[in-house]
Amino acid sequence: MLAPITDRRTRTLAWATSLAVHSMLSAGAFWAGAQGGTEAGGDSESREIGIVLRESSLPPSPFESDSLSDADVPTPVEATPIETAPTEAASLAPSAFSDLLEQLVEPKDPGAGPKASAGGPSAAASAPSGGRPKLPIGKARVEFLGVEGVGSRFVYVLDRSISMQGAPLRAVKTHLIASLEGIGPAQQFHILFFNSRTSSLDLTGGQRRVAYGTDENKTRAAKFVLSVNADGGTVRETALEEAFAFRPDVIFFLTDVDTPMTAGQLAEAIADAAGSVAIHTIEFGKGPSDGRRNFLVELAEGTGGQHAYVDTSMLSR
């Protein structure tokens with residue numbers, strides 16, 4: 001009976017020893033695996049998360065440029081540059097024409113200013129004042145010898161007959177060149193002098209078009225103005241008809257009243273204006289204004305224009 005008992009004890013001890021050894025080996029393997037997972041698992045887990053983010057079906061965030069692939073980035077499109085309005089460009093750039101004024105014209109004579117006239121505004125009424133409404137784009141406010149026109153196309157129709165000889169024509173030239181300074185590159189202008197025929201400024205190579213108010217064009221116009229002489233008689237109708245052909249917004253019409261326009265000529269001029277052209281009249285006369293209505297006052301009133309009077313006896317000789 002002792003042998004079987006001894007064998008069972010031996011087998012039990014061997015089994016227990018084997019169990020203990022395997023348990024220790026399993027525990028060691030588990031511990032080693034846990035440590036390895038702690039040390040290397042972070043990088044592995046990060047790589048898996050990174051893959052999940054890149055393969056996510058969610059759209060990329062517009063604030064995270066790193067999340068966009070080359071295919072996701074839109075092709076850059078060059079924006080069309082915004083052009084500065086001609087009137088804003090003229091106000092920002094210095095005027096070379098202004099620098100030439102002192103060389104091209106004589107100093108203004110205080111006596112050359114317009115006087116109050118019956119049926120028309122005084123010089124004070126035509127002078128700039130504060131609080132004016134803003135002009136539409138492309139329009140300009142231009143002054144000439146006491147009258148003021150607002151528009152984009154300006155035509156000057158000016159008497160150069162023998163009665164304008166001397167100080168009157170010199171004053172016209174001085175104030176006309178100064179008036180051109182108010183016209184910018186976005187506006188257009190033309191100049192007509194008349195006696196028994198018309199002398200017209202030509203800046204378009206014989207194409208008979210109004211010119212833009214660039215410094216170059218205004219400088220060339222000033223030289224033309226300074227070359228004009230006074231002689232001959234007075235024929236106004238042809239000059240006015242030619243002025244209307246340029247489709248202006250504003251006509252500055254300067255003459256005397258020694259030889260009046262007939263009622264028919266006056267009515268025709270007002271009809272030609274047709275409510276679309278304002279004719280501003282400047283009357284040159286010797287001595288103070290007599291205050292009577294004449295064809296220049298009626299022409300201004302009939303076309304929505306202004307009228308001013310200049311006493312030529314007050315001009316320097």
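Computed from the coordinates by the stated procedures, all read-outs in this text should not be read as laboratory data. What you are looking at is a predicted structure, and each value in this text was computed from that prediction instead of being measured. Using ideal geometry, Cβ is built from the backbone for each residue, glycine included, and neighbour counts are taken over all protein chains shown.
Close amide H pairs (under 5 Å, H built 1.01 Å from N) link ASP256 with PHE284, residues at least 5 positions away or on another chain. For VAL235 and GLN265, the difference between the fully extended length at 0.36 nm per residue and the C-alpha to C-alpha distance is 9.7 nm. What does the net charge come to around THR281 if you take all other residues with beta carbon closer than 10 Å to its beta carbon, with K and R at +1 and D and E at -1? It works out to a net charge of -3. Checked against a 27 Å cut-off, the cross-linked pairs LYS134/LYS173; LYS134/LYS223; LYS139/LYS223; LYS134/LYS286; LYS139/LYS173 give Cα-Cα distances beyond that limit for LYS134/LYS173; LYS134/LYS223; LYS134/LYS286.
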